[in-house]
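Undergrad: My questions will all concern the structure given below.
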Amino acid sequence: MRALLPLAACVTATAAFQIGAAIAKGLFPAVGAPGAAALRLLLGSAMLLAWARPWRDWPEKPRLSLLLGLGAATAGAILFFYLAIARLPLGMAIALQFLGPLSVAVLGSRRPSDFAWAVLAGAGVWALVGSGAGGARLDPWGIAAALCAAGSWAGYILIGRHAAEAFGRSTSALSTAVAMLFVLPVGVAHAGAALLDVSLLPLALVVALVSVAIPFSLELFAMPRLPARTFAVLTSTEPMFGALFGFLVLHERLAPHQLAGVAAVMAAAAGAAWSSTREPVKEVPPT
């Protein structure tokens, strides 16, 4: 049981992120993707700040430039991901977004054999969105948004390694709060007074709870109890959960070749994580 609990916590956290994303689409008709991202960050950052209370362990010489960069990357990862799932099936969007951490793992590797994971990921992406994939035409703006989310996620990983050393366990709460400052004006400009509709508050609270409070709490429990490689491989199951909850909650269907593409990206991400150098897990992007 002691060994299984961290594994179960990590898998549950990974699933919770995708359940939260699926539920968040219920906010899109009222406030759009930017408004939903703003509500998630506003409520989610309030939950994390109340839990972490970063002012108690504020560093003497805080590296605010790192915090600003990490907040901008967090904002991009969430905003562009929501813009992507407004136009693409959830499983497809998260698979494309996974190209960000996959690129960091592959490009940071010194093993020539890891080139195979990049090839596998490329094959998966071609199966998802390539002209040879067949089926209905995909929204190019949705694909572009997912790739921007991937780039933001890669930036989050690269900056987060240094920010976590400076701000410790408060890094996620602080970066989410800074991200909220970036995204809230965009949400207000898009949705206006609709963001103040109290009838949206229950659903928005559920999104923040399932997307932020629950998964971060579970991951903070699992991370120190699991090897870094195991944790990274388990998080690579996100595209699978995205496809699953996209189907169960949103009734989104992927063609067989697209499901194969999701599986290929998952396998490439897991393989790259497993073969990468052993490093402690500091932070996980809030997707």
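Undergrad: Hey, got the dipole for the chain? About the Cα centre, +1 on K and R Cβ, -1 on D and E Cβ, debye to the nearest 20?
TA: For this selection, approximately 420 debye.
Undergrad: With helices defined as uninterrupted DSSP H runs, which ones in the chain have an alpha carbon span along their own long axis of at least 20 Å and mean Kyte-Doolittle hydropathy of at least 0.0?
TA: Within the chain the helices that satisfy the rule are 4-24, 28-52, 64-85, 115-129, 140-167, 171-191, 256-275.
Undergrad: On a C-alpha basis, how far is the centre of the stretch 1-67 from the centre of the stretch 144-180 in Å? Whole number, if you could?
TA: Their Cα centres are 11 Å away from one another.
Undergrad: Go through (1) 20.0, 63; (2) 18.0, 57; (3) 24.9, 79 and flag the label whose value is the computed Rg and Dmax of the Cα atoms in Å for this structure.
TA: Working out Rg and Dmax of the Cα atoms in Å from the coordinates points to (2).
Undergrad: On to the next question. Most fluctuating residue of GLU60, GLU165, GLU238 in a GNM of the chain with Cα springs under 10 Å: which is it?
TA: Judging by the Gaussian network model, the answer is GLU60.
Undergrad: For every helix of n ≥ 4 consecutive DSSP H residues, a contribution of -39,500 (n - 2.57) applies; sum these over the chain, divide by its total residues, and give [θ] at 222 nm rounded to the nearest 500 deg cm²/dmol.
TA: -24000 deg cm²/dmol
Undergrad: Do any trypsin sites (Lys or Arg not before Pro) in the stretch 1-91 lie in a DSSP loop with no more than 15 other beta carbon atoms within 10 Å, and if so, which?
TA: In loop regions of the stretch 1-91 (DSSP not H, G, I, E or B), the sparsely surrounded trypsin sites (Lys or Arg not before Pro) are ARG2, ARG63.
Throughout, read-outs are computed from the coordinates displayed, never taken from laboratory work. Just so it is clear, the model here is predicted, and its values are computed rather than measured. No Cβ is skipped: glycine too gets one built from the backbone with ideal geometry, and neighbour counts run over all protein chains shown.
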